[in-house]
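Below is one structure, written out as structure tokens; comments come after it.
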Amino acid sequence: MKPEDGDRKEIPARGRIQQFLSKWQGSQGNERANYQGFFLDLCEALGVDRPPPKGNIPGDPYCFDKDIQVIHKDGITTNFADFYKEGHFLIEAKQGGNSSKRGTAKRGTKTYDTAMEKAFYQALSYTPFLPSKPPFVITCDIGSHFELWMSFSGNYGGYGARETIPLDRLLDEKVFDRFVAIFSDPQSLNPEKYRAKVTREVADTLAKLARWLEEQGNEPQEVSNFLMRCIFTMFAEDVDLLKGEVFTKALKDRWIAYPPAFKSEIENLWQTMNTGGSFGFERILRFNGSFFAQVTAFDLPRAQLEVLYEAAEKDWSAVEPAIFGTLLERALDKKERSRLGAHYTPRSYVERLVRPVVMEPLREEWLLVESEVDRLLTLKDNQQEPTKAQRQKAANEIQAFLQKLQEIRILDPACGTGNFLYVTLDLLKTLEQEAQMRLLDVVGQVTTDLLEEFDPRLAGRKQVNPSQFLGIEINPRAAAIAELVIWIGYLQWHFKRYGSTPPPEPILQDFHNIEFRDAVLAYDGKEPDVDPKTGKVRTRWGSRMMKHPVTGENVPDPSDQIPIYRYVNARSAEWPEADYIVSNPPFIGDKRMKSVLGEGYVSTLRAVHSDVPEMSDFVMYWWNHAAKIVGKNNLKCVGLITTNSIKQAANRKVLQRHLLENEKLALTFAIPDHPWVEGADGADVRVAMTAFELVGSNAKFARFGTVVSEGEGETPEESADQVKVQIKSAGKIWFFC
């Protein structure tokens, strides 16, 4: 519904909003007397159903003064939320005034700000005791504005994460439609589901072009590099880094009509993007980075240019980096392309490990900072506003926390296409923005010493940025995709935060933060392993089968022989220093390791890592190495995904040795059996999530999770919504015993 369309009581929607504003905008008084009338009028203005009288429907899923049973250490008390709709929203109302004698407090004062902040934390305290956490928590100053927090995972952030919406913004079509959806269909506003749909469509289109390019005999790596340059170009165009739709217009107006012009002109565009300059009548920013260091393109016929145009017409600004890397890898890999429609790991699964390992410890620190800020800004007798000195001390606390966020390093030593790194970046940027908004609340305006925090032209100088996200990946294409994914996610955040203003040039930087190498075994080279007795290269069966000429049964083909290699100067690989590790190492059971990795590699790996039992799965080499280095070089916590066979004897011995020999090392979070999707082939598997750290004398309660319900949806995101995990506190976790 649009403000100028629709009809309710024969008054157009825009007219209803104007009537609503004429009655309520700028009003002041007692919210207890006014809030129900205000929200009933809001429902009328939006054209949505009013709540029925309380008590008419069992459980009161949509009502004023919702009864909420709050459990605390002294028992159970009944509190009341001002306005509630199950599965939609919870609202707490205040009403300010133009003087301290009218309403909650005088608008614009410290007392007023404190009251609005308390209203949020009051609403937040109710959410754990509802049947399910609503996607929207809203506070409202009747007559002034709404403050809104959106989360479809129940993680709303703090007060600084709010979005402020003045009442008169309801005249804006998009804002109006959004409020209608909050009341009637909040899931339509779920960005994860919309972005996942767009991303699936994009990957399907790219797969068509990748298939054709490989059928022409082009090298897969060249195809991959070409398509990744196309991808970033289309993304840059849709976020307005490339002005004038130069790529899409050239496809439509020139290249499809005259295909021979495509190769030279797209190479010219990419050369210009690398250095900055002009392309046609448009000025091109300097992108630099690794994507445009090489600009080789392919001659494409009209049919394939039309496929590329189909891809360019998609909404590239809305791709979901958390799944884009996986789907892009499948689209570009000939062996995996048939699995493009298979399941992938949804973002919510990744968050289930990233939050307890990285975000929850940082949020605990942020809550302490906020408490100290509130203490520093406390008003003394007859004091109306904090002094300049009070504000500066409070600002210093927030800036110190921001500096810490901007120096944290996250490592994924099996990063694949970067989904763990991207999700962590996205969550850190969310916390960073919350802290920045709190800083602005404290100082009141952007001063010259805060420009690097708030001026988009300087963004990146004092910002959480891609250089902080480190990866190791043995697949060169996946490593390149990981870098692409991180930059797309970072730039999405930039434009979400700063609007249309571009970041400083060069737009991209080659930080060398994604390393293309083996994460558990380092060596100077490999050479065929020659048998000293025969002088021949040792080989193994390559797993191909054949029909027996007599019996007709499938038997191993003896001609399928693969050389066995010897690894020169093999040693344990080193990892870059980091504050946190989150990773999903490859799922290869001990019985499959030789057939997948090669006999020479496995023999060398086991000799180098002799402290890992030979019957252990491949993933345990990551667990073993991480357990050795946690607590060193600022590494605070490690979170790993393993198959749920971690409880089996050989794998369990790795955990037992570290946890029993080092009394300071402890599992702090674990879910021993959780659904997952294997990245390579989209197969459903069962995994264990474990997090461990050095706890020392300040031991904290560990948390143990159990999956209590599951279900199948039409998409991976819908299936993930049905996975419910019950988390309980535990003194220690010994599920491996």
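The values are calculated or read from the model by the stated rules, or taken from the named source; none is laboratory data. Small disclaimer: the values here were computed from a predicted structure and weren't measured. Glycine gets a Cβ as well: all are built from the backbone with ideal geometry, and neighbour counts include every protein chain shown.
The set of residues in segment 627-650 being part of a helix (DSSP H, G or I) and either basic (Lys, Arg) or touching a residue at least 60 places away in the same chain (Cβ under 8 Å) (or both) consists of Ala627, Lys628, Ile646, Lys647, Ala650.
What about Glu397, is it assigned by TED's automatic domain parsing to the domain that holds Pro506, at pLDDT 90 or above and within 29 Å of Leu241 (Cβ to Cβ)? Here the answer is no, as Glu397 does not meet what is asked. Condition first: within 35 Å of the chain's Cα centre (by Cα) and at negative phi. Can you find one or more residues in segment 553-572 that meet it? Yes, because at least one residue in segment 553-572 is within 35 Å of the chain's Cα centre (by Cα) and at negative phi. Any residue that is in the same structural domain as Arg229 (by TED's automatic domain parsing) and within 24 Å of the chain's Cα centre (by Cα) - is there at least one of those in segment 293-301? Within segment 293-301, not a single residue is in the same structural domain as Arg229 (by TED's automatic domain parsing) and within 24 Å of the chain's Cα centre (by Cα).
Looking across segment 50-78, the residues that are loosely packed, with under 14 Cβ neighbours inside 10 Å, touching a strand residue (DSSP E or B) at 6+ places or on another chain (Cβ under 8 Å) and in contact (Cβ under 8 Å) with a residue 24 or more places away in the chain come down to Gln69, Val70. Within segment 619-655, restricting attention to residues that are at pLDDT 90 or above and of a type in the set (Gly, Ala, Ser), the residue that is nearest to Val354 (Cα to Cα) is Gly639. Quick check: anything in segment 355-378 of a type outside the set (A, V, I, L, M, F, W, C), at pLDDT below 95 and on the phi > 0 side of the Ramachandran plot? No, segment 355-378 contains no residue that is of a type outside the set (A, V, I, L, M, F, W, C), at pLDDT below 95 and on the phi > 0 side of the Ramachandran plot. Hey, any hits in segment 273-283 for a residue that's in contact with a Leu (Cβ under 7 Å, 6 or more places away or on another chain), modelled with pLDDT under 95 and either more than 18 Å from Phe495 (Cβ to Cβ) or loosely packed, with under 15 Cβ neighbours inside 10 Å (or both)? Yes, some residue in segment 273-283 is in contact with a Leu (Cβ under 7 Å, 6 or more places away or on another chain), modelled with pLDDT under 95 and either more than 18 Å from Phe495 (Cβ to Cβ) or loosely packed, with under 15 Cβ neighbours inside 10 Å (or both). Condition (residue is over 30 Å from Gly444 (Cβ atoms) and more than 17 Å from the chain's Cα centre (by Cα)) applied to segment 342-353: is it met by at least one residue? Yes, segment 342-353 contains at least one residue that is over 30 Å from Gly444 (Cβ atoms) and more than 17 Å from the chain's Cα centre (by Cα). Go through segment 134-154 and give me each residue that's surrounded by fewer than 20 Cβ atoms within 10 Å (Cβ to Cβ) and part of a loop (DSSP other than H, G, I, E, B). Listed by number, the residues that qualify are Ser151, Phe152, Ser153, Gly154.
Of all residues in segment 651-669, exactly one satisfies the criterion of being assigned to a strand (DSSP E or B) and in contact with a Cys (Cβ under 8 Å, 6 or more places away or on another chain), namely Thr668.
Assess whether Thr233 counts as being under 26 Å from Glu718 (Cα atoms), crowded, with 20+ Cβ neighbours inside 10 Å and in contact (Cβ under 8 Å) with a residue 12 or more places away in the chain. Answer is no for this residue.
When Phe701 is tested against the conditions (1) without any contact (Cβ under 8 Å) to a residue 60 or more places away in the chain; (2) among the aromatic types (Phe, Trp, Tyr); (3) in contact with a His (Cβ under 8 Å, 6 or more places away or on another chain), the lone failure is (3).
Condition check ((1) within 23 Å of Ile57 (Cβ to Cβ); (2) assigned to a loop (DSSP other than H, G, I, E, B); (3) of a type in the set (Gly, Ala, Ser)) across all residues:
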position: Asp67; (1), (2), (3): yes, no, no
position: Val70; (1), (2), (3): yes, no, no
position: Thr77; (1), (2), (3): no, no, no
position: Ala81; (1), (2), (3): yes, no, yes
position: Gly87; (1), (2), (3): yes, yes, yes
position: Ser99; (1), (2), (3): no, yes, yes
position: Thr104; (1), (2), (3): no, yes, no
position: Tyr112; (1), (2), (3): no, no, no
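Residue count for segment 15-58 under the criterion of being part of a helix (DSSP H, G or I) and modelled with pLDDT of 90 or more: the result is 23. Taken across segment 541-549, residues that are modelled with pLDDT under 85 and among the polar types (S, T, N, Q) do occur, with at least one present.
Screening Phe291 on (1) of a type in the set (A, V, I, L, M, F, W, C); (2) touching a strand residue (DSSP E or B) at 6+ places or on another chain (Cβ under 8 Å); (3) part of a helix (DSSP H, G or I) shows it passes everything except condition (3). Among the criteria (1) closer than 24 Å to Gln221 by Cα; (2) touching a residue at least 40 places away in the same chain (Cβ under 8 Å), the one Leu425 does not fulfil is (1). Test Ser371 against the criterion of being small (Gly, Ala, Ser) and in contact with a helix residue (DSSP H, G or I) (Cβ under 7 Å, 6 or more places away or on another chain), and give yes or no. Considered against the rule, which asks whether it is small (Gly, Ala, Ser) and in contact with a helix residue (DSSP H, G or I) (Cβ under 7 Å, 6 or more places away or on another chain), Ser371 comes out as no.
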